[in-house]
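Take a look at the structure set out below.
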Amino acid sequence: SPLPSPLPSPLPSSSLPSPLPSVSSMPTQFADSCNVSTSIQLKQAVEVLTCSTVFLMNGFTMKLKVTVSKRSELPSGVSVVGVNNPILDADFEVSHFEVEVGARLSLIGLTLINGYATDYGGTVTVRRGAYLYLERSQILFSYAKSYGGAVYSNYATVVANATRFENCSAATDSGRGGALAVFYGNLTLESTSLVGNEAFYGGAMFVYSGDEKALNGTRAYLTISRSNFLKSTATCGAALYVFGKSATVTSNAPNVIVRDSVVSDGYASIGGGFFLRYHVTMDVQTSTFSYNEASYGAGIRNECSNLTVSRSSFKGNFVVRWGGGIQTVGSADDGVLAHTTIDNSEFEGNTGNRDAWFYYQYFYYGSEGHATGAGVHFSELSKGEITDSSFTNCECQYGGCVGVQGGGLNVLRSTFTNATTSEQGGSLYAEFKYPWNYLTLANSTITDSTGSRGSAIMVEWTEDADSGASDAYVIISGVQFELNTGTETGGQVRVSFNEQYVALNRSFVMEDSNFYNPARALSLNNGGAIVIDKRSRGHVIVRRCNFYNMLSDGYSGAIYFERRGSTETLDSPQDNVIEDSNFYDTESQFGGALAFSEVAVTLRNLSIWNTRSSLFGGAVYSISSSVYATDINITGGTGRLSRNNATLLHRPTAPPPHHP
C-alpha cells in the first residue's frame, strides 16, 4: 500500500482570507489625501479610508453611487478635487453622491454628467444637517423624476461658487427643481450659471421656504449673487419657484436675496422668471430680467408675498395677460395680501398680447380677457409703491406700462415714455373693485403715450365691484402730461364712474399738473386733456392745473364732463369742481376749453386764453347742465358762448405768462 501523504488536507476555500486588492483598484494614499483613477477607488477613498482630500487624476464612468457619512476622524468632511477638470459620467444609471445626515462634502473642479435618480437628487442628495460645497464644477444632463434634477437638499446647506448647471431636469407632472430642489435649510449661489434647465415647478430651482423651524431656528434662506438663469422652462417659475406655507408669518426678514444677477429667456405659463407664492420675502437689487415669456408675470410673479426690487431692469419681456415685468396678486379666498415695492428701476420694451397663447405640459393659458400692464400689474388684493423708476416703449391692450385691477398703488417721481395700448390707458390703467383700492401718482411725467381711451391714464370703477369700490380714490399731483394722443375719447386722462352703485366717497383729484401739446396732436372725439364719464355720483376735483394747446374734434379742447345711461339724480355742484386753473390755446368743435353734458359743476378762478371752437362755445359749452361759475376770465378766442349758465367776472388786464 502506498505510504500516507505527509501533507495536511487542504483547507476549505470558505476559510481562506480574502485576497488583497490589486494595486490598480486601491487609491494611492498620502497622509490625509488620496489619488484615485477609477470609480471603485473613489468609493473606497471616500467611504473606507481616512482621506480628507481625494484627487481625481482622470475621468471615468461612475458604476456605483458614493456615500459620504459623518465620521469623527474627518470633522471637516471630504473634498473631492479634480485634476484638469475630469468628467464623471453616471451614464443615466446612478446618481453620483449622497451626503448623509451631518456629513460634509466639497466638489471642486469636476464635471458630473448624466446622473439619474428615480426619486430625487439626480447627481447629489444632501440629507438633514449635511453640507455640500460646489466650486468651479459643472453638472450637466442630470435627471430626477421627482425633486432636484441635479441636487436635492432637505434641511441642509448647499453652496455653489463659480459652478454651472446645464440641461438638468425634473420634468414629470409633479417634478420640482430642474437643477436644484431645496427644502428648508440654506442655499447660496455665487457667480453660478443655470442654463437650459426644466421642471414642472421651478425650471432651474425649487425652494420650499415654509414657516416651520429649520435647523438654525428660522425659515429657509436663499442668497443669489452674480449668477445667471438662462433659457429655463417650467409650468410655474421658469428660473425659480419659491413656496412658503399659507400660514401667518411672524418675521419680515428677507428669506430670498438676489444681487447682480441675470434672468433671461425663461418660458413658463406663470412666472417666466421668478414665482413667489405665499409668505415669501424677496429682495432683488441690481439685477436684470429680460426676454422672459409667460401668461402671468413674465419677469416675476409675486403671489401673496413681499417683494422689493431696486436698481434693476426689466427689458423685452412678453406676457399674455398680466404683468410683463412684474405681476403682484393676493388671494381673495385666503384673505392674504401681496405687496411689491419698486425703486430706481427701469422697464423697457415689455409687451403684452392677449391673442397669444402658451401651452406647456398640462397647463393651458389662452387669450381670455385683456393683456394689461406690460411693465407691472397689481391684481386683486395687492398693494405697492413705485419710486424714481422709468417705463419706456411698453405696449399691450390695457395699461401699456402699469395696470391696477383690484389693488392699490402709489407712484412717485417716475417717468412714462412712448407707451402704447390698443384700447385703454396708454401708460396707466386702473380698475377699482374694492373699497380700499387706490392710485396715487405724484411728481412724474407721461410723454408720447397712445391709447384709444385715456392715452396717458384710464381709471374706472368697475360695474361688478364690491359695493362699487365705494371709498376707492385717485390722486394725481404734480404730473407733466405731454404729447399724449387719444384715438377715441379722453386725450390724456379718462375717468369712468360706473352706474351700478351710488358711492359718494369715490373720488378723483387732479392737482398741480400741466398738460402740453406743442405739436397740437388731435384727440379724436371728446376731451383733449380729460374726460370724466359720470354714470353715478363721485367727487371730481381739478385744481391748480394748466392746459396748453389741447385739441379735440368733438366736445371740449381740455376737460369734458358727461353723464351717460343713468336715471339717478344729478350730482350736486360740490361733487365736480374745477378751480384755480389756466387754459391756453385749446380748441374743439364744442367748448374750446370746457364742455359739460347733464352734470352739475362748479368753476372757480379760471383763466381761459385764446380758446376756440368751430361751432359753439369758444370757451365753455354746456348742455342740460348746471354750471356755477365765479371769477372766470375769458380773453380772445372764437366761437359762441352757448347754453351756458356761467357768470363771467373780473376780465384780465394783462396777458398770460409765457408758457412752453
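Every read-out reported here was derived from the displayed coordinates using simple, explicitly stated rules and does not represent laboratory data. Since the model is a prediction, treat every value here as computed from it, not as a measurement. Because the Cβ atoms are built from the backbone with ideal geometry, glycine has one as well, and the counts that use them run over all protein chains shown.
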Exercise. What list of ³J(HN,Hα) couplings, whole Hz, do you get for the range 373-384 from phi and the Karplus terms 6.51, -1.76, 1.60, once you set θ to phi - 60° and write x for glycine and proline?
Worked result: x, 5, x, 9, 9, 10, 8, 4, 6, 9, 9, x
Exercise. So what is the relative contact order of the range 546-625, in percent, for Cα pairs below 8 Å that sit 6 or more residues apart?
Worked result: 35 percent
Exercise. What net charge is computed for the residues neighbouring Ser153, neighbours being all others with C-beta under 10 Å from the C-beta of Ser153, Lys and Arg scored +1, Asp and Glu -1?
Worked result: +2
For this session: Return the long-range amide H neighbours of Ala430 (sequence gap of 5 or more, or a different chain), with a cut-off of under 5 Å between placed amide H atoms.
Result: Val404, Met458, Val459, Glu460
Problem set entry | FRET E, pair Thr635, Arg544, Förster distance 35 Å, beta-carbon r, rounded to 0.05 | 0.95
Seminar exercise, completed: Net charge (Lys, Arg +1; Asp, Glu -1) of residues whose beta-carbon lies under 12 Å from that of Gly271, Gly271 excluded, is 0
Problem set entry | Cα-Cα over 26 Å, subset of Lys315/Lys534; Lys145/Lys231; Lys65/Lys145 | Lys315/Lys534
Exercise. Check Thr192: other-chain or 5+ apart residues with amide H under 5 Å from its amide H, H built from backbone geometry?
Worked result: Ala162, Thr163, Ser227, Asn228
For this session: Quick one: compute the contact order of the range 153-205, relative version, from alpha carbon pairs under 8 angstrom and 6+ residues apart, as a percent.
Result: 47 percent
For this session: State, to one decimal in nm², a quarter of the convex hull surface area for the C-alpha atoms of the range 382-431, i.e. the direction-averaged projected area.
Result: 3.1 nm²
Seminar exercise, completed: Relative contact order of the range 96-207 (C-alpha contacts under 8 Å, at least 6 apart) in percent is 23 percent
Seminar exercise, completed: Karplus-derived 3J(HN,Hα) from phi for the range 278-289 (6.51 cos²θ - 1.76 cosθ + 1.60, θ = phi - 60°), whole Hz, x at Gly and Pro, runs 6, 6, 9, 10, 10, 10, 10, 9, 6, 10, 10, 10
Seminar exercise, completed: In nanometres, the difference between 0.36 nm per residue of separation and the alpha-carbon distance of Ser33 and Ser624 is 203.2 nm
Seminar exercise, completed: If each K or R counts +1 and each D or E counts -1, the residues other than Ala130 whose Cβ falls under 14 Å of its Cβ total +3
Seminar exercise, completed: Taking placed amide H atoms and a strict 5 Å upper bound, the residues 5 or more places from Ala442 or on another chain that come that close are Val411, Leu412, Arg413, Ser477
Exercise. ³J(HN,Hα) across the range 179-187 via Karplus (A = 6.51, B = -1.76, C = 1.60, θ = phi - 60°), whole Hz, x for Gly/Pro?
Worked result: 9, 9, 10, 10, 10, 6, x, 10, 9
Seminar exercise, completed: Here P(r) for the range 73-209, Cα-Cα distances in 5 Å bins, as whole percents, is 3, 13, 22, 27, 22, 10, 3, 1, 0
For this session: Under 16 Å Cα to Cα from Lys383, which lysines show up? Leave out anything in the same chain fewer than 8 places away.
Result: Lys433
Exercise. For the peptides 419-432, 46-59, 98-111, what is the packing order when you average, over each peptide's residues, the other Cβ atoms within 10 Å and list the highest mean first?
Worked result: 419-432, 98-111, 46-59
